Each structure stands twice: as structure tokens, then as C-alpha cells.
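To start, the structure itself, in C-alpha cells.
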């Protein structure tokens, strides 16, 4: 694996390998050695063309725990408005010694363009490209689900995952649909028709417009963030109506199976797609997702930068 | 003395003839003709009237880094074209007599093919104030086609008025059918592929709703309507219906929409980013059927050069458009003749005769004694590999780079001047002749 651009590029075995590597890294760093020397001397560049404090910090923490040097570059807006092209920015950063570039961009396909246009030699990790994919988010979500359903170690068949909200614009939903399908889970997308993409009938999912009809059958429910720019664009009449029909409030919390988990990629709009009671309930695993995000990103950096064996406790490699 | 004698040319009816050209005109078509200043033996290759493009972006004035009138004319000639129509979305916009006359003058100076400027419908292509179309029609450029191409004349009242207004000088409105409200920030055809790629979709209904509306308006006011670059199966159906009702509508299709589909966007390579977008396979098949059965009248290239930096970037930031002049013939042969959907006579009609008739380019689109010697010699049996580095265009944004395609243009004659020889620009240019200039 040279790059991580899309979950589509991974087979289930490589997905499981990443998850197992993350678990092994968790086991090691849970001991006295919080930081591994594995990537010492390697440089990871965080190239963020779009605001995303939590993803950037998560990648930064992951790289630092592996002792890599981290350079962060934030440039809001498109390359065009900034006046410098994506190509020039990436080549400049590579000239500064980047071994791996983590890219977040508002344009779908930006990570693939960067990796496959022959502009640079560095490895590329997609940290979210437009409305396309967010592969490390799907991996950390799978890691989190697996931790709660140990009977489904490498095989999610029999698990029912609901993804609720703005599927149309969501890279998190796209990556999750692909990954969960590869691991065998049943996926239901729950959204008003305006927030579902054309052609969703050809996705390997079920579709529902009623959270109430589905909620009691789910093992995991992923609530997606409603972006503020959707609220005034006639995808739904009002926040209140959206929240009433698709929010995870008290009644729907009560309807969830007791062993079901509540997930959210963050940042949350409390009171809109998720109520405070749901976000803070014992069934919520939202903070675990954040912690697992660092582990999964460590695993990805480790595997991409040529890690061949996982260091064992007390052994420097 | 005969200026040029073309020996052994194959006509569409398979007769082998000699064609004698004098003073830029076809003087005689016969056999065993002799005596000429220049003899060109074309070894039984096919002779067709020079192609006529009603939809070309030459980028001059204003964006000469991507194309000039000269480089675009050379690309056209190498594609077998003897006439092209320069779209109005230049900088400044061709919305005044001054700008269209400048473009026409640059075309005459190039002398490689006829360059007929298209005038804007509205000032600055903004859709707000009607441009002085009558002045452009009466100018030396004698504009007959008007279009806001790139932008749709989306206001129905403006469209109605424009369709009515151009009747007084037999103008025609060429509509770029794209409802703007349905295509805000759209990047590619809306469908399974756009949903997968996360690129904002461009629904077929954005094109079809305007086509349907404009057909009704044209019928209501009794005007001629030309629909640019049809791309959807639904649009073909609408035009078919309009023609069955006797409504005066004509339609064009581009070569790229006859061959390429939206799955090419999966590479995120912006060379496949074009307006209107590449559609699905079923749309492509409907366009081919429509072109074969006469629903679609003509092929037009929508040749749209862009500099490298406008394509070598992320998809959303890239410019819309692709080159077309040098590959048009081969792509039409590949999609329409190799598939046995139409014959060479139909190709000659859709690439030359009919576009010349629609636009009123009277010196083009026919191969007859007394007519201007605007013709091209085709080798239907040869194949070639498209190499963007060998293009005459100043730009390299061809989606066909590396593809092997059938049919080559061997010679092009413009007003009798041998402008392309063995596929290469000769450097000869037409110096002007008042008897020959198209009026």
C-alpha cells in the first residue's frame, strides 16, 4: 500500500490488517512507552485546505506518537483563491522533505490527483476530499464497532448499522458504506429524500425516510452533522422539523437496543441531530471514536511509511 | 491556367474524378483533366466539401495564451474544416460590431479557413441587456448566429425577445441549454458516478427543461432556434417531438458526447471536465441514434482550448472544455460509421452541408462546378494515434490523447488554396478575392 486515498482501494483483508495494527499499537502504547520511535526521522506534512481542527490534531498526535516530525500547513479555500496551485504547494512541501502528505481538501478527488498525477513521490493519505471519501474516519468507526461487538471480530455480518442525516454531502457516509459493506454489515441510510444522492438505489444499502421505523433494529447508529450551509438551502424546511424527524432525541434513545452504540464523527450540533442526553448516554461511544482515531491513523502512517513489524514492548526498532 | 488540379478523387458515389480549380472556384469536375500550376494526385481518396463548424472557441481576443485565430484556424484546417464559427465568450465579449469585426479581420489575415464570428445575445453574456445584434449583423462581419454560449439565456422573456428580434435580419439564436438554478457549482453529470465520486451533479433535466421551454417559445413566436451541444436522451426526444410538430428547431451534438461517458471522471483528471458534461452510455446511444435518423442536424466541435494550468489541478478548480477540431472527423467515424449507424454521405451532410445551410455560409457545404473550392480529402481506411503534442492548437486539453482512431484528413483546400498537405499545414494562405469571399 503506497497511499490511502479511498476505502474502495482496500480489500477486507487490508482493512482488518489496519484495524489489527491499530489494536496492537494500542496495546503497546497503553504501557509505560506512550511514544514509539518507529518513524523517527520521517516527516509527515498535514496539508489542510479546509478547516478541520480535530482531524488535523488527530493526525498530528498519531504522527508524534510514532516520533515523526510534523509540519502543518493550513490554507483555507481552494488553491485558486489562494493563488498557488495544489501542484505547486505539494511540490514545495516535498522539497522541504515530506515523506508523507496528509491532505484535506474541499474538492473531491484532490487526494487522488495529488497521488496519481506524478507531481510528487511522497505517500498520500486522504484526510477527507470534498463530498467523496474520508477513509480514516470509516476505519476508526469500524475499529470502534469491532471493540463493542467482539463476536464480529473480522466479520460484521449480522450487524445492522444506520447512518442518519446528510448522506448527499457526506464523505463520512460514503467511506462507511463501502467499508461496512466490505466487512459484511447491513447498512441502512436514513434521511429525507433531499439529502440522499441520485443513484443511491444502486448502493449496497437499504434506504429509509423514517428513523422511527429503523431505530429499534440497529446495532450502531451514526448521526451525521448537519452543516450550517444546508440549513438555508431548502434541503429541509427548518432545523426544528429536521430535528423532530431525524434527530436522536429521548424517545428514539429509549427505542434503541440496549447493546446498541451511538456514534457521531463530530463536531456535534447538540439539540439538532443529537440531543445532549443521547450524546452523553452510556451508549454513546463518541469520545472513544476520537481516541480510536489516533490509533487508526497511527496504524495507517506506520503501514504506509514502510513499517514491516510491530515493535514489542521495550524493544526499539 | 488551372490553379490546382486534384487528380483521382473519390466522390461519395464512388466515381473517381479530377477536380480543376481556378480563381478559388471549382472550374471543372471530370476525368483525365490535364494542365495545371499544381497537380495533387490523391490516389482515390475520398473528397468531401470542407467541414463547417458552428461552435468553436478561438479565445481571441483576450486569451491568446490558449488559442489564437491563427492557431485555431490551423487546427480547423488539419481537421478538414474550411469554415468555423467563433463563439462570443472572448475577452472582451463579442457583443459589439467592433469586436466581431476584429475577429473576422483576424480570420482573414490568417487565411486558413473562413472565420465567422458569433455575436453575443446579451451584453457581456450576462443575460440582462440585449446586445446590439442588428449592428453585428450589419457589420463587415455579417453575423448571423448569436449565442451566449457558456451561459444560458435563462430568462424566458429575454429568450423570447431575442428569438423575435433576430427575425428581421434572418439571425438565429444558438442556445446553450442549462438552467442555472439546477446547476449551481455543478461539476459533472448527475448520476451513479457523480454520487460515488462526490462531485456535484449536473442533472439532465437542467438541459431538457430549457430545451422544452425554448422549443415552445420558438414555436410561439415563429422563430428559428438552434440548440447547442445536445447531450441527453431526453433532449433528443424533445427535439424529435418538436420536429414532428414542424417547429423550426435545429440541434447539434459534439464528437466527444458521441464517444465518451461520465465514467471517465473517475480518474478525477480534469481533461474530462466539460460543459455540458459527459453523460451516460444510454445518452450516448440516444445521441448516435438521433444523429443517424436526422433528429440531430449537425456535428459541432465545441472546441474549447485551455492552458495547462487550468486543467492540471483539482477537478472543482479546473476549467470546462476540451479540444475538438483536429479529432472531430475521426471521432464521428469511430462512433457513427464504424458502428454502421450512418454512411459517408450522412457524415458529409452533418459536418458540412447542413451546418453551412443553417448558418447561411453559401460558399461552403457543397462540391459543385462554380462553387468555391472549399474541400477536404479524407483517407477513410487509415488509422492514427492522437498525440496532443502534435496538435496545431496552442492548448493540449484533448480527451482523446493516446487513442487510436480511424480516418485521417490528408488535404484541405480553402478557396482553392492548398492549406493542408499530407496532414500538415503548408503555410499557404488565401489572400482574399472579392469574387470568392463568402457573403
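Quick rundown of the values:
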{"item": "Complete set of residues in region B:58-73 that are surrounded by fewer than 24 Cβ atoms within 10 Å (Cβ to Cβ) and either touching a strand residue (DSSP E or B) at 6+ places or on another chain (Cβ under 6 Å) or on the phi > 0 side of the Ramachandran plot (or both)", "result": "B:62"}
{"item": "Of the criteria (1) assigned to a helix (DSSP H, G or I); (2) in contact with a helix residue (DSSP H, G or I) (Cβ under 7 Å, 6 or more places away or on another chain), which one residue B:229 fails", "result": "(1)"}
{"item": "Of the criteria (1) crowded, with 22+ Cβ neighbours inside 10 Å; (2) outside any strand (DSSP E or B); (3) out of contact with any strand residue (DSSP E or B) (no Cβ under 6 Å at 6 or more places or on another chain), which one residue B:55 fails", "result": "(2)"}
{"item": "Test for residue B:317: is it within 14 Å of chain A (Cβ to nearest Cβ) and either modelled with pLDDT under 95 or within 20 Å of the chain's Cα centre (by Cα) (or both)", "result": "yes"}
{"item": "Residue check for residue B:352: within 19 Å of the chain's Cα centre (by Cα) and either crowded, with 16+ Cβ neighbours inside 10 Å or at pLDDT 95 or above (or both)", "result": "yes"}
{"item": "Selection count, region A:33-55, where residues are free of Cβ contacts under 8 Å to residues at least 40 places away in the same chain and at negative phi", "result": "5"}
{"item": "Some residue of region B:340-347 being outside any loop (DSSP other than H, G, I, E, B), more than 14 Å from chain A (Cβ to nearest Cβ) and buried (at least 23 other Cβ atoms within 10 Å of the Cβ)", "result": "yes"}
{"item": "Test for residue B:150: is it part of a loop (DSSP other than H, G, I, E, B) and modelled with pLDDT under 95", "result": "yes"}
{"item": "Residue in region A:9-17 that is closer than 22 Å to residue A:155 by Cβ, in contact with a helix residue (DSSP H, G or I) (Cβ under 8 Å, 6 or more places away or on another chain) and in a loop (DSSP other than H, G, I, E, B) present", "result": "yes"}
{"item": "Which listed residue is in the same structural domain as residue A:124 (by TED's automatic domain parsing) and out of contact with any strand residue (DSSP E or B) (no Cβ under 7 Å at 6 or more places or on another chain), from A:300, A:296", "result": "A:296"}
{"item": "Residue in region B:292-302 that is at pLDDT 95 or above, buried (at least 24 other Cβ atoms within 10 Å of the Cβ), more than 25 Å from residue B:379 (Cα to Cα) and out of contact with any helix residue (DSSP H, G or I) (no Cβ under 6 Å at 6 or more places or on another chain) present", "result": "no"}
{"item": "Complete set of residues in region A:160-172 that are in contact with a strand residue (DSSP E or B) (Cβ under 7 Å, 6 or more places away or on another chain) and farther than 20 Å from residue A:238 by Cβ", "result": "A:160, A:161, A:162, A:163, A:171"}
{"item": "Any chance residue B:234 is within 14 Å of another protein chain (Cβ to nearest Cβ) and under 30 Å from residue A:203 (Cα atoms)", "result": "no"}
{"item": "Region B:328-344, residues that are out of contact with any strand residue (DSSP E or B) (no Cβ under 7 Å at 6 or more places or on another chain) and on the phi < 0 side of the Ramachandran plot", "result": "B:335, B:336, B:337, B:339, B:341, B:342, B:343"}
{"item": "Sole residue being touching a helix residue (DSSP H, G or I) at 6+ places or on another chain (Cβ under 8 Å), surrounded by fewer than 24 Cβ atoms within 10 Å (Cβ to Cβ) and at the interface with chain B (Cβ under 9 Å from one of its Cβ atoms), chosen from A:105, A:152, A:160, A:169", "result": "A:169"}
{"item": "Count - residues of region A:192-214 that are over 22 Å from residue A:179 (Cα atoms) and within 14 Å of another protein chain (Cβ to nearest Cβ)", "result": "2"}
{"item": "Subset of region B:388-402 [assigned to a loop (DSSP other than H, G, I, E, B) and more than 21 Å from the chain's Cα centre (by Cα)]", "result": "B:402"}
{"item": "Of all residues in region A:172-190 being over 21 Å from residue A:5 (Cα atoms) and more than 13 Å from every other protein chain (Cβ to nearest Cβ), the one that is surrounded by the most Cβ atoms within 10 Å (Cβ to Cβ)", "result": "A:190"}
{"item": "Of all residues in region B:173-188 being more than 18 Å from residue B:297 (Cα to Cα) and assigned to a loop (DSSP other than H, G, I, E, B), the one that is farthest from the other protein chains (Cβ to nearest Cβ)", "result": "B:178"}
{"item": "Given (1) out of contact with any strand residue (DSSP E or B) (no Cβ under 8 Å at 6 or more places or on another chain); (2) closer than 27 Å to residue B:234 by Cβ; (3) crowded, with 18+ Cβ neighbours inside 10 Å; (4) free of Cβ contacts under 8 Å to residues at least 40 places away in the same chain, index of the condition residue B:183 fails", "result": "(1)"}
{"item": "Candidates B:41, B:18, filtered to the one that is buried (at least 18 other Cβ atoms within 10 Å of the Cβ), in contact with a strand residue (DSSP E or B) (Cβ under 8 Å, 6 or more places away or on another chain), at pLDDT 95 or above and more than 30 Å from residue B:398 (Cβ to Cβ)", "result": "B:18"}
{"item": "Selection within region B:189-223 - buried (at least 18 other Cβ atoms within 10 Å of the Cβ), away from chain A (no Cβ under 14 Å) and not in a helix (DSSP H, G or I)", "result": "B:223"}
{"item": "Qualifying residue in region A:55-77 (condition: within 14 Å of chain B (Cβ to nearest Cβ) and assigned to a helix (DSSP H, G or I))", "result": "no"}
{"item": "Region A:230-248: number of residues that are more than 23 Å from the chain's Cα centre (by Cα) and crowded, with 18+ Cβ neighbours inside 10 Å", "result": "4"}
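Rundown of residues vs (1) at the interface with chain B (Cβ under 10 Å from one of its Cβ atoms); (2) surrounded by fewer than 24 Cβ atoms within 10 Å (Cβ to Cβ); (3) over 12 Å from residue A:49 (Cβ atoms), yes/no style:
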| position | (1), (2), (3) |
| --- | --- |
| A:83 | no, yes, yes |
| A:87 | yes, yes, yes |
| A:92 | no, yes, yes |
| A:97 | no, yes, yes |
| A:112 | yes, no, yes |
| A:123 | no, yes, yes |
| A:126 | no, no, yes |
| A:136 | no, no, yes |
| A:139 | no, no, yes |
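The values are calculated or read from the model by the stated rules, or taken from the named source; none is laboratory data. All values reported here derive from a predicted model rather than from experimental measurement. Heads up, the Cβs are rebuilt from the backbone with ideal geometry, glycines too, and the neighbour counts pull from every protein chain shown.
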